[in-house]
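Peer 1: Before we start, here is the structure in question, set down as structure tokens.
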Amino acid sequence: MKTILKIASYIGLVLTIIPPILFFKSYITLDSSHLYMTIGMLIWFGTAPFWINKKTDESSSES
Amino acid sequence: MKDQKLFKKIVSQNNEYERTPVPDNQLKSGKSFLGMYAGEHTAGTEFVIGPLFVAHGVAATDLVLGLLIGNLLAVLSWGFLTGPIATSKRMTLYYQLERITGKSVVNLYNLINALMFCFLAGSMIAVSATAVGIPFNLAMPELTDWYPKTAGWIVAVMIMGTVITLIAIRGYNQVAKFANVMAPWMILIFVSAAFAALPQLGVHTLDGFIVAAKEVIWTGVPLPGISKFTIWHVIFFCWFCNMAMHIGMSDLTILRYAKSWKYGFLSFAGMYIGHFVAWIASGILYAVFLQNNVNSNEFAPGPIAYQAAGIAGAVCVVVAGWTTANPTIYRAGLALQGIFPQTKTWKITAIVGGITSLAACFPALVMKLLDFVALYGLILMPMGAVIFADFYFADKFGFQQEQALNNKKTFTWPALSAWLLTLFVCWLLNYFYGLELFFLGLPGWFVAVTLFVVFSKIKFPALKTKLA
């Protein structure tokens, strides 16, 4: 499960960085870039808290 | 994420090893510091500082060179000044100061520090409010504004301030976790927004960027009514914007957990991501905003980021402001709690939140952020110089180290006098010689060290001299 969440989070980050580069190279429009970035943000917000903080909690309880 | 754990430990209410050195088994790896520095220096203020360089007419070459040199000097300050003392003593700044100056001077230091934290957090709240106001078509503050202009602005800021204060009252943990999640995404948003902004300036290639950087973004011409910044301003601002932390020794509290003194150099992660990439990126965004809004004097990070990165950009401004305002309010609360230990934490946090929200209503905090950050570092710097002189010069110049502790005093005057007189000398340099605020820290440091050494030699000469 954690691996799936991690993959989804990285997809969120990819959707944050790649569309503006595609817009920079004139492959997509600014509106599309904004849309993909918003989707990327939602994916990151929806998945990252479940593995990043889980890792923190685990390491906290170890010490 | 160990960096979050480390930071949590540092600002935690039950601060461990507050009055004892950090034991060896509690020391942290370099990775913890790398992550913490990168996260802490990519904050809401980055959305303001980059654009202010554009507004102050910094030329492109001056900016890049200035940032490279200034950040290097900051990293070296952390590495050579803060790191060695932190890992040798392994004490918090507050306790180290108390051993030198006594509790009453530390209380004064805490009070000033808390106020500075309030103003800093206030600027973050104001930054967030500029993004929250977008859907409500809120009239945004302008570059020359000092006072709030509309009731809508005050309402937006007060709502943001109340929400942030309530969350801070609930404790630091949840926000730290949230900030931890947001950090990688926020760093990417800065880069993404810059890429999205460049085509709006007609740039589609690296060569085009170099031309646009010189001719459109950092033109070397300040906006009307704004002072001109040179490469020296960039170097010194870059070096001294975190002066309270490195030369001012505030980061003793953090670096006392470092396994090696060399970990101070890991601050390069924060400097070259937050204070290089993010400042350049936010400058690009502002140039696009200026191009799309000719003759506009508006200065609002929210709309600036929204134009380049859409909803994600606006959310990033809110999040960046919030995640940095919250720990800052928390730190201000802790500083005040040191003075009023009997008062409940939630009451102190509420008072701090109230002062912060009130301060955030004044756009001057954002528009004059460069000056405020420089002033903040300058005011706290002399106490860092005192710690430095106490550590390195006590034996060499023959005065007692940790005077208050060794003489069982709650007040000693050499450090307080050195602090106040240094600030007075800096004021004189500014008033009579016109030396700008950004440059005062350098002569000020030498003045503080000299005064402390002289005063200490007079009041607390080395014991063997005394005995003889």
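Peer 1: Step by step: first the residues of the stretch B:166-184, then only those that are in a helix (DSSP H, G or I), surrounded by fewer than 24 Cβ atoms within 10 Å (Cβ to Cβ) and not aliphatic (A, V, I, L, M), then the one that is nearest to the other protein chains (Cβ to nearest Cβ). Which residue is that?
Peer 2: Per the stated criteria, the residue is B:Lys177.
Peer 1: A further question on this structure: Being within 19 Å of B:Gly302 (Cα to Cα), out of contact with any helix residue (DSSP H, G or I) (no Cβ under 9 Å at 6 or more places or on another chain) and surrounded by fewer than 18 Cβ atoms within 10 Å (Cβ to Cβ) is true for just one of B:Val155, B:Val163. Which residue is that?
Peer 2: Details: B:Val163 fails: out of contact with any helix residue (DSSP H, G or I) (no Cβ under 9 Å at 6 or more places or on another chain).
B:Val155 is the lone residue from the list that is within 19 Å of B:Gly302 (Cα to Cα), out of contact with any helix residue (DSSP H, G or I) (no Cβ under 9 Å at 6 or more places or on another chain) and surrounded by fewer than 18 Cβ atoms within 10 Å (Cβ to Cβ).
Peer 1: Could I ask something else about it? Please verify whether the stretch B:240-261 includes one or more residues that are closer than 30 Å to B:Leu423 by Cα and either within 14 Å of another protein chain (Cβ to nearest Cβ) or in contact with a Pro (Cβ under 6 Å, 6 or more places away or on another chain) (or both). Don't jump to the end; show me each part of the working.
Peer 2: Applying the first criterion (closer than 30 Å to B:Leu423 by Cα) to the stretch B:240-261 yields B:240-256, B:261.
When the remaining residues are screened for being either within 14 Å of another protein chain (Cβ to nearest Cβ) or in contact with a Pro (Cβ under 6 Å, 6 or more places away or on another chain) (or both), the result is B:261.
Checking the stretch B:240-261: at least one residue is closer than 30 Å to B:Leu423 by Cα and either within 14 Å of another protein chain (Cβ to nearest Cβ) or in contact with a Pro (Cβ under 6 Å, 6 or more places away or on another chain) (or both).
Peer 1: Hey, another quick one. B:Ala38 passes all but one of (1) at pLDDT below 90; (2) out of contact with any Lys or Arg (no Cβ under 7 Å at 6 or more places or on another chain); (3) closer than 30 Å to B:Thr410 by Cα; which number fails?
Peer 2: So B:Ala38 meets the others, but not (3).
Peer 1: Where in the stretch B:224-303 are there helices (runs of 4 or more DSSP H), lying fully within it, with 3 or more residues that are out of contact with any His (no Cβ under 6 Å at 6 or more places or on another chain), at negative phi and not hydrophobic (A, V, I, L, M, F, W, C)?
Peer 2: B:279-292
Peer 1: I'd like to verify a number: residues in the stretch B:211-223 that are in a helix (DSSP H, G or I) and touching a residue at least 12 places away in the same chain (Cβ under 8 Å), how many?
Peer 2: Here is the first cut: in the stretch B:211-223, the residues in a helix (DSSP H, G or I) are B:211-217.
When the remaining residues are screened for being touching a residue at least 12 places away in the same chain (Cβ under 8 Å), the result is B:212-214, B:216-217.
The total comes to 5.
Peer 1: Would you confirm, using the coordinates I've provided, whether B:Ile217 is away from chain A (no Cβ under 14 Å), farther than 28 Å from A:Ser32 by Cα, under 27 Å from the mean Cα position of the chain (by Cα) and not aromatic (Phe, Trp, Tyr)? Give the steps one after another, and end with the answer.
Peer 2: Numbers: away from chain A (no Cβ under 14 Å): yes; farther than 28 Å from A:Ser32 by Cα: no; under 27 Å from the mean Cα position of the chain (by Cα): yes; not aromatic (Phe, Trp, Tyr): yes.
For B:Ile217, the condition - away from chain A (no Cβ under 14 Å), farther than 28 Å from A:Ser32 by Cα, under 27 Å from the mean Cα position of the chain (by Cα) and not aromatic (Phe, Trp, Tyr) - is not met.
Peer 1: On to the next question. When the stretch B:399-411 is examined, which residues are found to be crowded, with 20+ Cβ neighbours inside 10 Å and assigned to a helix (DSSP H, G or I)?
Peer 2: B:Gln403, B:Ala404, listed by residue number.
Residue-wise test of (1) under 15 Å from B:Met186 (Cα atoms); (2) more than 8 Å from every other protein chain (Cβ to nearest Cβ); (3) at pLDDT 95 or above; (4) surrounded by fewer than 16 Cβ atoms within 10 Å (Cβ to Cβ).
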position	(1), (2), (3), (4)
A:Tyr10	yes, yes, yes, yes
A:Thr16	yes, no, yes, no
A:Lys25	no, no, no, yes
A:Leu30	no, no, no, no
A:Leu35	no, no, yes, no
A:Thr38	yes, no, yes, no
A:Met41	yes, no, yes, no
A:Trp44	yes, no, yes, no
A:Trp51	no, yes, no, no
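Peer 1: Is it the case, given these coordinates, that B:Asp390 is acidic (Asp, Glu), surrounded by fewer than 16 Cβ atoms within 10 Å (Cβ to Cβ) and more than 27 Å from B:Leu370 (Cβ to Cβ)? Lay out the reasoning, then the answer.
Peer 2: Numbers: acidic (Asp, Glu): yes; surrounded by fewer than 16 Cβ atoms within 10 Å (Cβ to Cβ): no; more than 27 Å from B:Leu370 (Cβ to Cβ): yes.
No; evaluated as a whole, the condition is false for this residue.
Peer 1: Conditions: (1) buried (at least 23 other Cβ atoms within 10 Å of the Cβ); (2) at pLDDT 85 or above. B:Tyr330 meets all but one. Number of the miss?
Peer 2: (2)
Peer 1: Every residue in the stretch B:85-94 that is over 21 Å from the mean Cα position of the chain (by Cα) and part of a helix (DSSP H, G or I), please.
Peer 2: B:Thr87, B:Ser88, B:Lys89
Residue-wise test of (1) over 30 Å from B:Phe289 (Cα atoms); (2) modelled with pLDDT under 90.
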residue	(1), (2)
B:Ile10	yes, yes
B:Glu16	yes, yes
B:Thr20	yes, yes
B:Leu34	yes, yes
B:Val48	no, no
B:Val54	no, no
B:Ala59	no, no
B:Val75	yes, no
B:Phe80	yes, no
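Peer 1: A further question follows. Go through the stretch B:189-210 and count every residue that is more than 10 Å from every other protein chain (Cβ to nearest Cβ) and either loosely packed, with under 14 Cβ neighbours inside 10 Å or outside any helix (DSSP H, G or I) (or both).
Peer 2: 4
The values are calculated or read from the model by the stated rules, or taken from the named source; none is laboratory data. The structure presented is a predicted model; accordingly, all values stated were derived computationally and were not measured. Every residue, glycine as well, gets a Cβ built from its backbone with ideal geometry; the counts of neighbours run over all protein chains shown.
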